[in-house]
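The structure appears right after this line, and notes come after that.
All of the numbers you see were taken from the coordinates with simple rules; none came from a lab. Note that the structure is a prediction, hence the values are computed from the model and not measured. Cβ: placed from backbone, ideal geometry, glycine included. Neighbour counts: every protein chain shown.
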Amino acid sequence: MTASYLLQSPADLSALNTMALACQAEQVITLSDEAQLEQILNAKHQHEPLFVLSGGSNVLLPPTLTATVLRPLLRGITVLDDRDDSIHIEVMAGENWHDLVLYTVNNGWYGLENLALIPGLTGAAPVQNIGAYGVQLDDCVTHVRACHLPTQTWHDFDKAACQFGYRDSIFKQQAGEWLITRVGFALHKDPTRVQAGYGDLQAQALQLANDAARQHINPVDVMQAIIAIRQSKLPDPKVLPNCGSFFKNPVIETAHFHSLQTQFPQIVGYKVDEQQTKVAAGWLIDHAGLKGGGIAPILSHEQQALVLTNHSAKNDPIQACQQDVAATQHFIQQQILAKYNIMLEREPVWIDRDGQINMSNTTLAS
Ligand code: EPU
């Protein structure tokens, strides 16, 4: 028999989003298996709004949320196929992402090590195809199982069907429609195979390998190097609330990049193809003098300008809300547009009062 799901009504979501924005939800349902979701969908009217909240690390929640919030906290890791040189696993959506990275690497299953210390839960990882230090989630994903909420149907996606791109997937394109329950990963067991070419990672990982008097960098060195880099640059949301990179790295015409280079010779960009260049948004913000800046209490981070942080303390009488984030977002976008003629695009997802995902890039809360 299916265990019953957990219902809270109303619920304070300020501790369930890493930006720590004030948010009161009318109703929150916590799921621990797929059958519970079917029970809930059967009992709902088809047009009743639903909103899926996973680890809360990439969302900007409204002060009041009228949609029913679904929290897929299903747990479990299953080995589907174990060979000498590779392993195929399936992970339930509620498994903590960083704990999964540690678990796989410690078992000698490699591929996820570059994605260490990314906050959030496994089920959310495919939505924006999390990526860091030269690796994206889709390098290892084999399949995703998800429920299409509007039609109440289950779908098994192979990797191609997920339509992964830079911080993108079908689940992001059809935002709000899918609840992911399982993600499959193909991992390898070759400790000499690493992705350590990314900027400061190479130096840090090499140092670790040398310290251990080893000849080669192994995946454990890479993971430890990434943990050290992220801890030094990125604020811990438990200490200083944030939702990671706040803006995407913009892709601009290479001709535009060359003209910026004449004005700003140090500007950081990476060639995408002959026509396009991806620019480091953190560099743009930093060199516009906005590192640490913004409109209080939402400020750009002192060590990594691309991250916006919430400085309103837990016991402040008035908690920061979506409107405060919008103010700083708008301020930075306008400054960057004026200085470099580039419109920065927000990365975290803006949620409206009814749980709808607002795709507008310049949303100012009403
Ligand atoms: N930079 C500055 N000043 C800053 C920040 C960055 O000059 O304040 C420069 C850096 O010196 C570097 C360049 O900008 O030359 C790029 O910076 P970094 O290597 O830190 O990476 P990023 O492009 O800022 C991206 C991801 C991060 C991911 C890192 C590492 C995006 C939007 N962000 O950041 O992802 O951890 O690469 O791979 O693609 C996240 O999505 O939450 C996230 C943290």
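Based on C-alpha pairs under 8 angstrom that are at least 6 apart in sequence, region 6-72 has a relative contact order of 42 percent.
If we count other beta carbons within 10 Å of each Cβ, what is the order of 346, 75, fewest first? It would help to have the intermediate numbers written out before the result.
On the way: 346 21, 75 13.
Fewest-to-most ranking of 346, 75: 75, 346.
Projecting label points 7 angstrom from Cα along Cα→Cβ for residue 3 and residue 106 puts them 2.2 nm apart. Centre-to-centre separation between the Cα atoms of region 1-80 and those of region 236-262: 31 Å.
Pair-distance distribution P(r) for region 228-366, from all Cα-Cα distances in 10 Å bins starting at 0: 12, 39, 33, 13, 2, 0 percent. For residue 181, the residues 5 or more places off, or on other chains, whose built amide H falls under 5 Å of its own are 145, 146, 147. Report note on the peptides 15-22, 217-224: ranked by the mean count of other C-beta atoms within 10 Å, highest first, their order is 217-224, 15-22. The dipole here belongs to region 77-188: it is taken about the Cα centre, uses +1 on the Cβ of Lys and Arg and -1 on the Cβ of Asp and Glu, and is about 360 debye.
Per-peptide packing, taken as the mean over residues of other Cβ atoms within 10 Å, places 83-91, 322-330, 270-278, 123-131 in the sequence 123-131, 322-330, 83-91, 270-278 from highest down.
Please give me the summed charge of the neighbours of residue 100: other residues whose Cβ is under 14 Å from its Cβ, Lys and Arg +1, Asp and Glu -1.
Its environment carries a net charge of -2.
Is the shape of the chain rounded, prolate or oblate, going by the alpha carbon gyration tensor and its root eigenvalues a ≥ b ≥ c, with a/c under 1.5 for rounded and a/b larger than b/c for prolate? Here the chain falls in the oblate category.
The Rg/Rh ratio for region 77-188 is 0.95, where Rg is the radius of gyration of the alpha carbons and Rh is the Kirkwood radius.
Under a Gaussian network description of the chain, with springs only between Cα atoms under 10 Å, the residue in 116, 320, 255 that fluctuates furthest is 255.
Note on the chain: GNM, Cα springs under 10 Å; of 96, 315, 114, the largest mean-square fluctuation is that of 315.
Test of understanding: what is the full-extension gain from residue 288 to residue 254, defined as 0.36 nm times their sequence separation minus their Cα-Cα distance?
Stretched fully, the residue 288-residue 254 segment lengthens by 10.2 nm.
For region 77-188, averaging the sequence separation of C-alpha pairs within contact (under 8 Å, six or more residues apart) and dividing by the residue count gives a relative contact order of 32 percent. Around the Cα centre of the chain, unit charges on the Cβ atoms of Lys, Arg, Asp and Glu (plus for the first two, minus for the last two) sum to a dipole of about 640 debye.
3J(HN,Hα) couplings calculated from phi for region 69-81 with the Karplus curve 6.51 cos²θ - 1.76 cosθ + 1.60 (θ = phi - 60°) are, in sequence order, 8, 9, 10, x, 10, 5, 10, x, 10, 10, 7, 8, 7 Hz; Gly and Pro show x. Assuming R0 = 45 Å, what is the FRET efficiency of residue 318 and residue 39, from their Cβ-Cβ distance, to the nearest 0.05? Taking R0 as 45 Å, the efficiency between residue 318 and residue 39 is 0.70.
For the pair residue 75 and residue 338 in one chain, pulling the backbone fully straight at 0.36 nm per residue adds 89.9 nm over the alpha carbon distance. Restricting attention to the chain, close to 80% of DSSP beta bridges with both partner residues there are antiparallel. About its Cα centre, region 242-358 has a charge dipole of approximately 160 debye under the convention of +1 per Lys or Arg Cβ and -1 per Asp or Glu Cβ, with nothing else charged. Charge tally around residue 167: other residues with Cβ under 13 Å, Lys/Arg +1 each, Asp/Glu -1 each, net 0. Report note on the peptides 62-72, 152-162, 186-196: ranked by the mean count of other C-beta atoms within 10 Å, highest first, their order is 62-72, 186-196, 152-162. Here the 3J(HN,Hα) profile of region 6-15, calculated from phi with Karplus coefficients 6.51, -1.76 and 1.60 at θ = phi - 60°, is 9, 10, 10, 7, x, 9, 8, 9, 4, 8 Hz, Gly and Pro shown as x.
Translational diffusion of region 5-164, estimated by Stokes-Einstein from the Kirkwood radius over alpha carbon pairs at 4 °C in a medium of 1.567 mPa s, is 76 µm² per second. By the count of neighbouring beta-carbon atoms within 10 Å, fewest first, 135, 183 end up ordered 135, 183.
The distance between label points at residue 361 and residue 175 comes to 1.2 nm (points 7 Å beyond Cα on the Cα→Cβ vector).
For the pair residue 331 and residue 268, a Förster radius of 22 Å applied to the C-beta separation gives a FRET efficiency near 0.50, rounded to the nearest 0.05.
So, counting K/R as plus one and D/E as minus one, what does the shell of residues with Cβ under 10 Å around residue 145 add up to?
Local net charge: -2.
Computed over the chain, relative contact order equals 16 percent, with contacts defined as Cα pairs under 8 Å that lie 6+ residues apart.
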